[in-house]
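Notes follow once the structure below has been shown.
The values are calculated or read from the model by the stated rules, or taken from the named source; none is laboratory data. Fair warning: this is a prediction, and the values are worked out from it, not measured in the lab. Neighbour counts are summed over all protein chains in view; Cβ atoms, including those assigned to glycine, are modelled from backbone coordinates with ideal geometry.
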Amino acid sequence: MKMQKKILGFALILVMASTLQVKAQYDKQDSNYKKCFVGSTLFLLGNLSTVNRPDFIQLNLGYRITGRDVISLELITWKSAWPLGINPIFNKVYGTPEEKFPGYIRDYGVGLAYQRYFWKGLYLAVHVMPTLQTYLNENGNNVGNGFMIFNTNRVGYHIKLFNDKFFIEPSLGFAGRPYHTEMPDGFKQKDDKWPKYTFEPGLHFGFNL
């Protein structure tokens, strides 16, 4: 939980720093304009956690259709031993043995995101990601498979750095699962106690190509 709080604090600092940004939308007449980018998210730091280490990997491949419209392909995998409805920043029961799954869930997802700039670097984004799920017990044995659609709606700010070779995007998202198949016994009982959606901070970063 301490790691998640540090990530949130860092994201808030970057949001305040974004007030120094004069112009973040892209103009094709700009000599630095690049249509493509690759990136990821600061959630990678969660792999340093000693509680429910997610073994999280994310790769974003983006394309700027216009200076205001962006689409991205997101390749993601992670594992979770606690229900996704428990917010690790605001809820102290995250990481406790009482709410832990009888094992963990491994997800493999391919998502599509659409991002729209409205003013300078301010944007709204919608992320939709279908994932395949594998349920494993405490011994690492497969006890079931499933499918989930994970959706996130974000408001954030795009900050150009180093002559627009690099960028960061602090954001606040409302994330959850509009659909998932039924979980195996033990997992379902824990998950049903918690909401399907929760707020989450975000900090994406990337390199323009």
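For the condition surrounded by 15 or more Cβ atoms within 10 Å (Cβ to Cβ) and touching a residue at least 40 places away in the same chain (Cβ under 8 Å), what is the one hit in Phe166, Phe199? Break it down into steps so the answer makes sense when it comes.
Values: Phe199 fails: surrounded by 15 or more Cβ atoms within 10 Å (Cβ to Cβ).
One residue alone meets the criteria, Phe166.
Of the residues that make up the stretch 106-122, is at least one more than 28 Å from Leu61 (Cα to Cα) and in contact with a strand residue (DSSP E or B) (Cβ under 6 Å, 6 or more places away or on another chain)? No, because not a single residue in the stretch 106-122 is more than 28 Å from Leu61 (Cα to Cα) and in contact with a strand residue (DSSP E or B) (Cβ under 6 Å, 6 or more places away or on another chain). Looking at Leu209, Leu203, just one residue is closer than 17 Å to Gly39 by Cβ and touching a Pro at 6+ places or on another chain (Cβ under 6 Å), and that residue is Leu203. Among the residues of the stretch 175-188, those that are under 22 Å from the mean Cα position of the chain (by Cα) and surrounded by 11 or more Cβ atoms within 10 Å (Cβ to Cβ) comprise Ala175, Gly176, Arg177, Pro178, Tyr179, His180.
I'd like the full set of residues that are within 17 Å of Asp55 (Cα to Cα) and surrounded by fewer than 16 Cβ atoms within 10 Å (Cβ to Cβ), limited to the stretch 112-133.
First pass over the stretch 112-133, keeping only residues within 17 Å of Asp55 (Cα to Cα): 131-133.
Answer for the stretch 112-133, where residues must be within 17 Å of Asp55 (Cα to Cα) and surrounded by fewer than 16 Cβ atoms within 10 Å (Cβ to Cβ): just Leu132.
Determine whether Asp30 is more than 14 Å from the chain's Cα centre (by Cα), at pLDDT 95 or above and acidic (Asp, Glu).
On the way: more than 14 Å from the chain's Cα centre (by Cα): yes; at pLDDT 95 or above: no; acidic (Asp, Glu): yes.
So Asp30 fails the test.
Residue count for the stretch 33-46 satisfying the condition of being modelled with pLDDT under 90 and either loosely packed, with under 15 Cβ neighbours inside 10 Å or within 18 Å of Leu122 (Cα to Cα) (or both): 2.
Here Gly109, Gly85, Gly146, Gly140 are screened, and the one residue that is among the small types (Gly, Ala, Ser), crowded, with 16+ Cβ neighbours inside 10 Å, more than 30 Å from Asn208 (Cα to Cα) and without any contact (Cβ under 8 Å) to a residue 60 or more places away in the chain is Gly146.
What residue, among those in the stretch 164-194 that are assigned to a strand (DSSP E or B) and aliphatic (A, V, I, L, M), is nearest to Cys36 (Cα to Cα)? Spell out how you get there, then give the answer.
So in the stretch 164-194, the residues assigned to a strand (DSSP E or B) come out as 166-180.
From what is left, the residues that are aliphatic (A, V, I, L, M) are 168, 172, 175.
Values: Ile168: 15, Leu172: 24, Ala175: 26 Å.
The selected residue is Ile168.
Is it the case, given these coordinates, that Gly202 is modelled with pLDDT under 95 and within 15 Å of the chain's Cα centre (by Cα)?
Working: modelled with pLDDT under 95: yes; within 15 Å of the chain's Cα centre (by Cα): yes.
Answer is yes for this residue.
Right, Asp191: over 15 Å from the mean Cα position of the chain (by Cα), acidic (Asp, Glu) and farther than 17 Å from Lys79 by Cα or not? Criteria not met by Asp191. Under 20 Å from Thr66 (Cβ atoms), among the hydroxyl-bearing types (Ser, Thr, Tyr) and touching a Lys or Arg at 6+ places or on another chain (Cβ under 8 Å) - does that describe any residue in the stretch 109-120? For the stretch 109-120, residues under 20 Å from Thr66 (Cβ atoms), among the hydroxyl-bearing types (Ser, Thr, Tyr) and touching a Lys or Arg at 6+ places or on another chain (Cβ under 8 Å): present.
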